[in-house]
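Shown next, in structure tokens, is the structure this report addresses.
Each reported figure results from applying straightforward, stated rules to the coordinates on display, with no laboratory input. The structure displayed is predicted, hence computed values, not measured ones. We place every Cβ from the backbone using ideal geometry, glycine too, and count neighbours over all the protein chains shown.
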There are 4 protein chains.
Amino acid sequence: MAEKGWASAVTSIAPNEIRVRGYRLEELMGRVSFGEAVYLVLRGELPGAAVGSLMEAMLVASIDHGVTPPSTLSVRNAATTGAPLNACIAAGALAVNRHHGGAVEDCMRLLARGAARVQAGESAGAVAQALMAEEKTAGRRLPGFGHRIHTDDPRSHRLLVLARQAGAAGPSVAVAEAIVAALAASGKPLPLNVDGAIAAVLADLGFAPELANGFFILARTAGWIAQVAEELGREKPMRRIDQQACTYDGPAPRELPSR
Amino acid sequence: MAEKGWASAVTSIAPNEIRVRGYRLEELMGRVSFGEAVYLVLRGELPGAAVGSLMEAMLVASIDHGVTPPSTLSVRNAATTGAPLNACIAAGALAVNRHHGGAVEDCMRLLARGAARVQAGESAGAVAQALMAEEKTAGRRLPGFGHRIHTDDPRSHRLLVLARQAGAAGPSVAVAEAIVAALAASGKPLPLNVDGAIAAVLADLGFAPELANGFFILARTAGWIAQVAEELGREKPMRRIDQQACTYDGPAPRELPSR
Amino acid sequence: MAEKGWASAVTSIAPNEIRVRGYRLEELMGRVSFGEAVYLVLRGELPGAAVGSLMEAMLVASIDHGVTPPSTLSVRNAATTGAPLNACIAAGALAVNRHHGGAVEDCMRLLARGAARVQAGESAGAVAQALMAEEKTAGRRLPGFGHRIHTDDPRSHRLLVLARQAGAAGPSVAVAEAIVAALAASGKPLPLNVDGAIAAVLADLGFAPELANGFFILARTAGWIAQVAEELGREKPMRRIDQQACTYDGPAPRELPSR
Amino acid sequence: MAEKGWASAVTSIAPNEIRVRGYRLEELMGRVSFGEAVYLVLRGELPGAAVGSLMEAMLVASIDHGVTPPSTLSVRNAATTGAPLNACIAAGALAVNRHHGGAVEDCMRLLARGAARVQAGESAGAVAQALMAEEKTAGRRLPGFGHRIHTDDPRSHRLLVLARQAGAAGPSVAVAEAIVAALAASGKPLPLNVDGAIAAVLADLGFAPELANGFFILARTAGWIAQVAEELGREKPMRRIDQQACTYDGPAPRELPSR
């Protein structure tokens, strides 16, 4: 019953020497961005600089969405009972599932089906029509399209522009855009939401759909920390948290300084 | 008993308009790094570019440490039972506490005590001696110093160099380095570990100690995702995970290409 | 670096033989109640039958409290995002902290201070006055007293009656009751809530305060499962859960049949 | 976007009146066992006394299994990092999944398929053969049969005896026993493990398979609390927990006193 040996290819640890995928960690520090390091640890190789920037943009896109997402409510609710920060984050992660955040994974699977057909020669438009029909027949909603607040998700537009600039927009992005066009033509327009846009880009970058959920959690953890800090700093313990009663009182709208 | 109104200053959400601390999220995408966005969401303002790079370097420093940390064992152990990725990440976060990861928070509190005295005119060396004596009297170990594997933590050296380059090394870094010197002079040398180095830099950047735990979880989530992917890709379910039996079989040591 | 041996006194496992605290598990099944088994696994010995019944009564007292507690909201909120049942339960456990559920532990510590003085000869009434003054001076609320819904908690009365019947009411119960009397006399009456009553009984039974939190989670897990089953059976995914909008539509009030 | 009303049939809360499924909670305390209360909260009605005892026996059967299960390792591992008790329990729950604990749910689904055929007139033996063939064709292991330590699980035998005494053994138990017999006849004997026995009894009691996972977590929480107490009481923080190095040093084997 003795455990036989096993191996890991992620990180090697020796006294005073930590190597992630073969690179000394201290050499990576200050030389590669966090987005590049995330790509490296997940994929095994460093991305080009353009893809590294795209990774960062996707992380930035997911960093926070105010107090309405159920995961953020879980985080706030744990905080108001006195949970330590790590337990609040864990509670947030536990509320990222099929119906919240999970659309990235489902959408990646959908687009992968479409991308395979595009690569086999079909037009993106025809594939979009086929996928929509298949999902309708199966009684499934299209994952990654539509948003309960946004009729046109500004994060998605921006991400696809960046993906094109990075040379990373491939057949999954094409299928995603063709679905948006087909939905508009059908008279039932739905936007590509940020889950769908990230799904398209991650798919074209070759990421496995199984990791998508984690990518969202990774980025959103930063927002959750801010939400916990605010809950502890501004509110009393054991309050009933009604998201509908929340107003915004932060900095007024402002432009990003040129830099 | 009706819930009275409350407010949040983090993110404003309106149809098709998401603003984090006043900035349109889509404008941040591609223009600020994730490290800058993390600073923004936590602190309310964008950092200068040098501090943004330092944020990224701290995130990179914490991205993974192989299979030995208890949090990573929790993640692997959850994965082998069939837990979905988000539950594996939550299990990892739940294993980041006082004795693992939590040293950042404790060290920030220690260094804050020291920094206040340095700013009041005492020398860093005298303060270091005083803090060490106080902790010894209280029967506490010095948080952020010593490592069960590394006698000299390469991440710490690199981070302090980067902090100096960014002009961000202040009294907390000075006290941390004075403690290292005093420990060496005492004949019981202990390195500043990565927790301690991050603590010193976060403290000098003005972060609240309460957030430190979350900062580590944020970065390490990337490593945990890689560990889960590897567990699912290479191992059978319900195995007994013996970290001592793990060898590294990833890429051979390699140099970061100049870029 | 090899792990040295360690030992556990809880359960011995050999092929086809499972012994909890020395007893064959299959012999316990059907012969001892779950309350007795909980006492056994936590304390190392079987309780008398009266104490066993009291354990069961405490578990029953904590089994559910409708949809208002923050832990139950966490459970429901996780369920609506599509979390599996075990993740919903974990989310519930993560919302049991100092400000919710945690009063049992704090109250046990308070009553332990009082019980020690009663056993040293002071009257329960004098001790109650002293504890109240100490807590007021320290700026702390009295844990285990008061409830945001109940002005007189029916569970507490019943539990203290059962504790007396079981011969298990000792100095902690006496102090708890003396505090209730002193609060009433002070013109600011507060009931002993169920947390406080369980704290008093657990303290007089000799349980460690550190376990109290777990005792509550153990019992409430049953309620959480029922809440998840109902959420999945009756509601749509990704709804906004507003506890204030919830009405009860279960069985009408009914009497327990004599049995 | 206002939340419309919703309803719960589990527990009604009014000032000083808590009713679970219509019964005053304080009347249930001391009059019904915890097993009966669990049945009530989950099913909406009180069970007969015999079924109540059976519920208790199933909870007792699952209360602990030493330090080897991955969920218990998660609990211990969280504890050694300094996690509070509720986080340790949450970590345990997160390690109860398809490959550990989850066999109850899968086995319930398997036995439900078989029970339907038995009720339609087929013999249990024929159904067992058919199910085994179907699972083999599908490349699935039989959930609820076999154990990595026990070749004959004493908990299963006892539980089926108790189920018969309670008049609660129905077609699911019959199919489970027929599978054991068919496995023995096939020359590849596998025991019905405790997951399988509980699955058979829960199925014959009419429980939904979706709840099975929670039932196990409910009972095992008691064991996890004991494991945490022992970890904190006997071990140092941040140790490497090697289950293979653990020996038992609790009470010697002993007989349950007649009572």
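Computed values, structure above
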{"item": "Three-way shape label, segment D:1-143, alpha-carbon gyration tensor, a/c 1.5", "result": "oblate"}
{"item": "nm² value of the averaged projected area, convex hull over the Cα atoms of segment B:138-177", "result": "3.6"}
{"item": "Listed peptides A:92-99, D:8-15, D:88-95 by packing density, highest first (mean Cβ within 10 Å)", "result": "D:88-95, A:92-99, D:8-15"}
{"item": "DSSP-assigned coil residues among trypsin sites (Lys or Arg not before Pro) in segment C:117-213, each with at most 15 further Cβ atoms within 10 Å", "result": "C:140, C:141, C:148"}
{"item": "Helical contribution to [θ] at 222 nm, DSSP H n ≥ 4, -39,500 (n - 2.57), averaged over chain A, rounded to 500", "result": "-17000 deg cm²/dmol"}
{"item": "log10 of Debye I(q)/I(0), alpha-carbon scatterers only, for segment D:29-108 at 0.14, 0.19, 0.23 Å⁻¹", "result": "-0.64, -0.94, -1.03"}
{"item": "Kyte-Doolittle mean at least 1.0 and Cα axial length at least 20 Å: DSSP H helices in chain C", "result": "C:171-185"}
{"item": "Expected-Rg normalisation [2.2 N^0.38 Å, Cα atoms] applied to the protein assembly as shown", "result": "0.94"}
{"item": "Cα centroid of segment C:12-75 to Cα centroid of segment A:59-79, whole Å", "result": "37"}
{"item": "Shape call, segment C:60-151: gyration tensor on alpha carbons, a/c limit 1.5", "result": "prolate"}
{"item": "Charge tally in the Cβ shell below 11 Å around residue D:28, where Lys, Arg are +1 and Asp, Glu are -1, residue D:28 excluded", "result": "+1"}
{"item": "Top positive-direction residue, dipole computed over segment A:103-211 with Cβ charges, set A:180, A:104, A:115", "result": "A:180"}
{"item": "Kirkwood-type radius of segment B:179-259, with distances r between different C-alpha atoms, in Å", "result": "17.0"}
{"item": "Residue-averaged beta-carbon neighbours from other chains (10 angstrom radius) around C:70-77", "result": "6"}
{"item": "Cα-centred dipole magnitude for the protein assembly as shown, charges only on beta-carbon of K, R (+1) and D, E (-1), debye, nearest 20", "result": "0"}
{"item": "Cα gyration tensor, segment C:1-61 - rounded (a/c under 1.5), prolate or oblate", "result": "prolate"}
{"item": "Rotation relating D and A, chain A residue nearest the axis via C-beta, angstrom", "result": "A:87, 3"}
{"item": "Inter-label distance for residue C:130 and residue C:4, nm, one decimal - labels placed 7 Å from Cα along Cα-to-Cβ", "result": "4.3"}
{"item": "Residue C:17/residue D:235 FRET efficiency (R0 22 Å; Cβ-Cβ; nearest 0.05)", "result": "0.30"}
{"item": "At 7 Å out from Cα toward Cβ: residue D:187 inter-copy label distances (nm, ascending)", "result": "6.8, 7.3, 9.1"}
{"item": "Förster radius 56 Å - calculated FRET efficiency between residue D:116 and residue C:68 (Cβ-Cβ, nearest 0.05)", "result": "0.90"}
{"item": "Principal axes of segment B:103-211: Cα extent on each, largest first, Å", "result": "35, 33, 26"}
{"item": "Exercise: per-residue mean of other protein chain Cβ atoms within 10 Å, D:223-236", "result": "5"}
{"item": "Pairwise label distance in nanometres, residue A:45 with residue A:149, each label 7 Å out on the Cα-Cβ vector", "result": "3.9"}
{"item": "Charge-dipole axis of chain A as Lys and Arg at +1 and Asp and Glu at -1 on Cβ define it, positive-most pick from A:20, A:199, A:130", "result": "A:130"}
{"item": "Per residue, the convex hull volume that the Cα atoms of chain B enclose (Å³)", "result": "218"}
{"item": "Dipole magnitude of segment D:103-211 about its Cα centre (Cβ charges: Lys, Arg +1; Asp, Glu -1), debye to nearest 20", "result": "180"}
{"item": "Separation between Cα centres of segment C:244-259 and segment D:158-208, rounded to whole Å", "result": "35"}
{"item": "Given C:4/D:236; A:236/B:4; B:4/C:136; A:188/C:236; A:136/A:188; A:4/D:188, the pairs whose alpha carbons are separated by over 19 Å", "result": "B:4/C:136; A:188/C:236; A:4/D:188"}
{"item": "Copies compared at residue B:50 - label distances in nm, ascending, label defined 7 Å from Cα in the Cβ direction", "result": "3.2, 7.5, 8.2"}
{"item": "Sequence of A:256, C:183 once ranked by neighbouring C-beta atoms within 10 Å, starting from the fewest", "result": "A:256, C:183"}
{"item": "Paramagnetic reach from residue C:185 (point 7 Å along Cα→Cβ, amide N under 11 Å) across segment C:124-168", "result": "C:124-130"}
{"item": "Relative contact order [Cα under 8 Å, 6+ residues apart], chain A, whole percent", "result": "24"}
{"item": "Label 7 Å beyond Cα on the Cβ vector: residue A:130 copy-to-copy distances, nm", "result": "3.9, 7.5, 8.4"}
{"item": "Shielding score for C:150-157, defined as the mean number of other chain Cβ atoms within 10 Å", "result": "4"}
